[in-house]
Amino acid sequence: MTRAIAVCLVLVLLTTTMTGCFSPEGDDELIAVGDLTIIPETLVGAQFQTVEFSASSSMSVHVPYLVLDSESGYVVNGTTLDFDGAGSASIEMLAPSNTNSTHFLLGNLGRDKWPLRATNQSWAEWFSSSMFEQLPYSYVEHPVGRENDSAYTVEDGALHSTGLIDGLNVFEWLELFADPDSGYNERWGPFTLNDPTYMRAANFMQAELQGIGYDAQIHRYWLSDFSYAVNVCGYKEGTMFPDEWLVLGAHLDVAEPGSPPAGGTRIGAHDNGAGVALILEAARGLAQFDHRRTIVVCFWSNEENGYDGVDRWIDNIPAGVALSNYLNADAVGTNWPGYYTLVVDIIPETDNQINEQWPMVRLAEWIGSNNNDIAEALRLGREIYNTEGYASMKDVDSSDQQRLSISVHESQRGRSDYERIADQLGVVSMDFGSLTGGSDCYHGPCDTLETMIDMMVTDNGTGVQNLVESFDLISWWLFNLAMYLDETPIYNES
């Protein structure tokens, strides 16, 4: 038995249609599903684990999930196992975080092309489609069960409380940081020579990054004789391409007094404590693995008043270093599975061309739908964006329509630090966000965790339960994106 990394998944994600990439081989016979046995009987969701495949006949088995390659030590974006006759093989595989089953594809020995589902389609929809019926491979569906922390109820977020990373951990971190008595509020800037409140928060974030395995640094940049910007960044050096940086980030500052439209906030739980917590949780998972490229995690200052933090960091990138991709989180969490749209912006968009960043759109949709039951939400989000536009999701409160939607799209506007990295460096960048301008609490005193919880109450769940699920979805989405992009970056081709 030999193992080969499957490259056709990348081909599927980077092409507009699947039929032009593959030509079914009419002489192939379908492999019997019963010819493959998988142990354990139920995989543990949100965890890397040893999975044993035993074949009773010759076949190739495609695994469309993240796998820890034993030879290189890197995480790879799926793999194909080849069995030349009866045999068995074990791999370290990451089971999906929020689906009840995995799907493994069975083809004749040597098959290295696997026509796959649309990126905003579920596996179940794909296997029941007329297109799949014409293809020369079969599949095995295998159950997944995610464990719950017994210390919590479902209403408190127990369904998303365990794993390599988890949404409940994000919620509890934000709960600590957004506590009005925590000492980490009023992060307005910093603008002065001495801002103890901001520096207390910056030192806290440096300690958090250092504790989970990064070389954490505080970068201070003078803006004038009386003001400065302060970023907190953690670095985990890549072992193959150390001078190519994959960056995750969120702004640490909050809207200062007088900020429109609502006059500023002390706490800024949604904008942007939630983004900071999500990036920190994704970074915690990434720190546990070796990477080809250097992973950089930054918490920017002065986003609310001119992007000084990210601008100065860009100015000071070391000579010879290039950025591969950038992932951002800003004003996020009050969205799916609540009645607000999860908005995933991808830039740069130049010259008003259509689909310049389509490869990243498709990759993001694929990763989201591979780990969560969100295909229908993705299709609805695409429809809303194409028919109603960006403002209908970010600047208009349409929660009374109870639309369960997630929109992944190439955007004509950037509204956070990712705009600067995309515009100044030409790096394909992505932002996770949700309702801002349409919220009464946007840049207002009521931007608190309690407000977020109230916004996330639905007919099917409590505010805490849904918020934890949202945090889990996004932190896992960020983690998986970073793993895919570490192996295969998506460069700007516009």
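The values are calculated or read from the model by the stated rules, or taken from the named source; none is laboratory data. Remember, predicted model here, so these are calculated numbers, not experimental data. Cβ sites come from the backbone with ideal geometry, for glycine too, and all protein chains shown count toward neighbours.
Can you tell me which residues in region 214-237 are within 20 Å of the chain's Cα centre (by Cα) and under 14 Å from Leu286 (Cα atoms)?
In the first step, residues of region 214-237 are kept if they are within 20 Å of the chain's Cα centre (by Cα); the result is 214, 233-236.
Matches in region 214-237: Tyr214, Gly234, Tyr235, Lys236.
Highlighted here are the strands (runs of 3 or more DSSP E) found entirely within region 35-149 that include at least 2 residues which are under 19 Å from Phe289 (Cβ atoms): 48-55, 59-68, 75-83, 87-94. Restricting attention to region 290-304, the residues being out of contact with any Ser or Thr (no Cβ under 9 Å at 6 or more places or on another chain) and within 14 Å of Leu481 (Cβ to Cβ) number 2. Scanning for something of a type in the set (Val, Ile, Thr), touching a residue at least 60 places away in the same chain (Cβ under 8 Å) and under 28 Å from Ile474 (Cβ atoms), does region 87-104 turn up at least one residue? Looking through region 87-104, at least one residue is of a type in the set (Val, Ile, Thr), touching a residue at least 60 places away in the same chain (Cβ under 8 Å) and under 28 Å from Ile474 (Cβ atoms). Determine if region 421-436 includes at least one residue that is assigned to a strand (DSSP E or B), over 21 Å from the mean Cα position of the chain (by Cα) and either over 26 Å from Asn316 (Cβ atoms) or assigned by TED's automatic domain parsing to the domain that holds Val321 (or both). No - not one qualifying residue is present in region 421-436.
Within region 276-296, being in contact with a helix residue (DSSP H, G or I) (Cβ under 6 Å, 6 or more places away or on another chain), of a type outside the set (Val, Ile, Thr) and not in a helix (DSSP H, G or I) holds for His291, Arg292, Arg293. Exactly one residue among Phe226, Phe241 is modelled with pLDDT under 95 and over 14 Å from Asn302 (Cα atoms), and that residue is Phe226. Just so you know, in region 258-282 the residues that are farther than 14 Å from Ser439 by Cα and among the β-branched types (Val, Ile, Thr) include one that is nearest to the chain's Cα centre (by Cα), and it is Ile279. In region 181-195 there is at least one residue matching the filter, namely being exposed (fewer than 13 other Cβ atoms within 10 Å of the Cβ) and either outside any loop (DSSP other than H, G, I, E, B) or touching a residue at least 24 places away in the same chain (Cβ under 8 Å) (or both).
From the list Gly273, Gly249, exactly one residue is in a strand (DSSP E or B), modelled with pLDDT of 95 or more, under 17 Å from Ala331 (Cβ atoms) and in the same structural domain as Ser475 (by TED's automatic domain parsing). Which is it?
Working: Gly273 fails: in a strand (DSSP E or B).
Only one candidate qualifies: Gly249.
Selection within region 353-389: residues that are small (Gly, Ala, Ser) and assigned to a helix (DSSP H, G or I). The member of this set that is nearest to Thr99 (Cα to Cα) is Ser369. With the condition kept exactly as written, say whether any residue in region 154-174 is closer than 16 Å to Ala269 by Cβ and among the charged types (D, E, K, R). For region 154-174, residues closer than 16 Å to Ala269 by Cβ and among the charged types (D, E, K, R): present. Would you be able to say whether some residue in region 169-177 is in contact with an Asp or Glu (Cβ under 9 Å, 6 or more places away or on another chain), assigned to a loop (DSSP other than H, G, I, E, B) and either under 25 Å from Glu376 (Cα atoms) or of a type outside the set (A, V, I, L, M) (or both)? No: region 169-177 contains no residue that is in contact with an Asp or Glu (Cβ under 9 Å, 6 or more places away or on another chain), assigned to a loop (DSSP other than H, G, I, E, B) and either under 25 Å from Glu376 (Cα atoms) or of a type outside the set (A, V, I, L, M) (or both).
For region 452-480, the tally of residues that are over 16 Å from Asp166 (Cα atoms) and assigned to a helix (DSSP H, G or I) stands at 5. Cβ separations smaller than 6 Å between residues 6+ apart or across chains give the following pairs from region 119-144 residues that are more than 15 Å from Pro96 (Cα to Cα) to residues that are among the acidic types (Asp, Glu) and surrounded by 15 or more Cβ atoms within 10 Å (Cβ to Cβ): Thr119/Glu365; Asn120/Glu365.
Does Leu176 satisfy the criteria of being in contact with a helix residue (DSSP H, G or I) (Cβ under 6 Å, 6 or more places away or on another chain) and either surrounded by fewer than 20 Cβ atoms within 10 Å (Cβ to Cβ) or of a type in the set (S, T, N, Q) (or both)? Give the steps one after another, and end with the answer.
Working: in contact with a helix residue (DSSP H, G or I) (Cβ under 6 Å, 6 or more places away or on another chain): no; either surrounded by fewer than 20 Cβ atoms within 10 Å (Cβ to Cβ) or of a type in the set (S, T, N, Q) (or both): yes.
No; evaluated as a whole, the condition is false for this residue.
For region 105-134, a residue qualifies if it is among the aliphatic types (A, V, I, L, M) and surrounded by 19 or more Cβ atoms within 10 Å (Cβ to Cβ), and the qualifying residues are Leu105, Leu106, Leu116, Ala118.
Picking from Gly414, Gly368, Gly389, Gly433, which residue would you name as being surrounded by fewer than 17 Cβ atoms within 10 Å (Cβ to Cβ) and closer than 29 Å to Thr350 by Cβ?
Details: Gly414 fails: surrounded by fewer than 17 Cβ atoms within 10 Å (Cβ to Cβ); Gly368 fails: surrounded by fewer than 17 Cβ atoms within 10 Å (Cβ to Cβ); Gly433 fails: surrounded by fewer than 17 Cβ atoms within 10 Å (Cβ to Cβ).
Of the residues listed, the single one that is surrounded by fewer than 17 Cβ atoms within 10 Å (Cβ to Cβ) and closer than 29 Å to Thr350 by Cβ is Gly389.
Here Leu485 clears all of (1) closer than 22 Å to Trp173 by Cβ; (2) under 23 Å from the mean Cα position of the chain (by Cα) except the condition numbered (1). From the residues in region 448-487 that are surrounded by fewer than 17 Cβ atoms within 10 Å (Cβ to Cβ) and of a type in the set (S, T, N, Q), which one is modelled with the lowest pLDDT? Top of the filtered list is Asn460.
Condition check for Leu164 on (1) closer than 27 Å to Gly285 by Cα; (2) surrounded by 20 or more Cβ atoms within 10 Å (Cβ to Cβ); (3) in contact with a helix residue (DSSP H, G or I) (Cβ under 6 Å, 6 or more places away or on another chain): one failure, at (2). If you check Val343, Val427, Val408 for being under 24 Å from Leu116 (Cβ atoms) and of a type in the set (A, V, I, L, M), only one passes: Val408.
Counting only residues that are outside any helix (DSSP H, G or I) and under 14 Å from Asp345 (Cβ atoms), which one in region 392-411 is modelled with the lowest pLDDT? Per the criteria, the residue is Ser411.
Tell me yes or no: at least one residue of region 231-240 is touching a residue at least 40 places away in the same chain (Cβ under 8 Å), under 15 Å from Tyr307 (Cα atoms) and of a type in the set (Asp, Glu). Full working, then the answer.
Restricting attention to region 231-240, the residues satisfying the condition of being touching a residue at least 40 places away in the same chain (Cβ under 8 Å) are 231-240.
From the residues that got through so far, the ones that are under 15 Å from Tyr307 (Cα atoms) too are 231-232.
Still in the running and of a type in the set (Asp, Glu): none.
No, that holds for no residue.
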